[in-house]
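Written below as structure tokens is the structure these notes are about.
The values are calculated or read from the model by the stated rules, or taken from the named source; none is laboratory data. Source: prediction; values computed, not measured. For neighbour counting, all protein chains shown are included, and Cβ atoms are generated from backbone atoms with ideal geometry for every residue, glycine included. What goes into the accessible areas is simple: the full protein's heavy atoms, side chains included, and nothing from ligands, DNA or RNA. Shrake-Rupley method; radii C 1.70, N 1.55, O 1.52, S 1.80 Å.
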Amino acid sequence: MAALIFRNSKKSPLEQLLQCLPAGVIKRIAAGWLAAAIEEDARYRASRKLI
């Protein structure tokens, strides 16, 4: 879910992504998942440049 949220708003900062989450989501845990999605996207883009 974090990857989908990030893909829909790639240019938004993490703080703004956290504000868009539904009520009831634990923001501290969601922040970790969103950070992982952001890092994975960066790694994917870097690997695509190497090909």
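Residues that are of a type in the set (A, V, I, L, M) and under 21 Å from residue 45 (Cβ atoms) were ranked within the stretch 1-28; the one that is least open to solvent (accessible area, probe 1.4 Å) is 17. Among the residues of the stretch 36-51, the one identified as surrounded by 14 or more Cβ atoms within 10 Å (Cβ to Cβ), aliphatic (A, V, I, L, M) and more than 13 Å from residue 1 (Cβ to Cβ) is 38. Looking across the stretch 8-20, just one residue is in contact (Cβ under 8 Å) with a residue 24 or more places away in the chain and either part of a helix (DSSP H, G or I) or touching a Lys or Arg at 6+ places or on another chain (Cβ under 8 Å) (or both), and that is 14.
Among the residues of the stretch 20-51, the ones that are over 10 Å from the mean Cα position of the chain (by Cα) and among the charged types (D, E, K, R) come to 6 in all.
The number of residues in the stretch 7-40 that are among the charged types (D, E, K, R), out of contact with any Leu (no Cβ under 6 Å at 6 or more places or on another chain) and at pLDDT 90 or above comes to 3.
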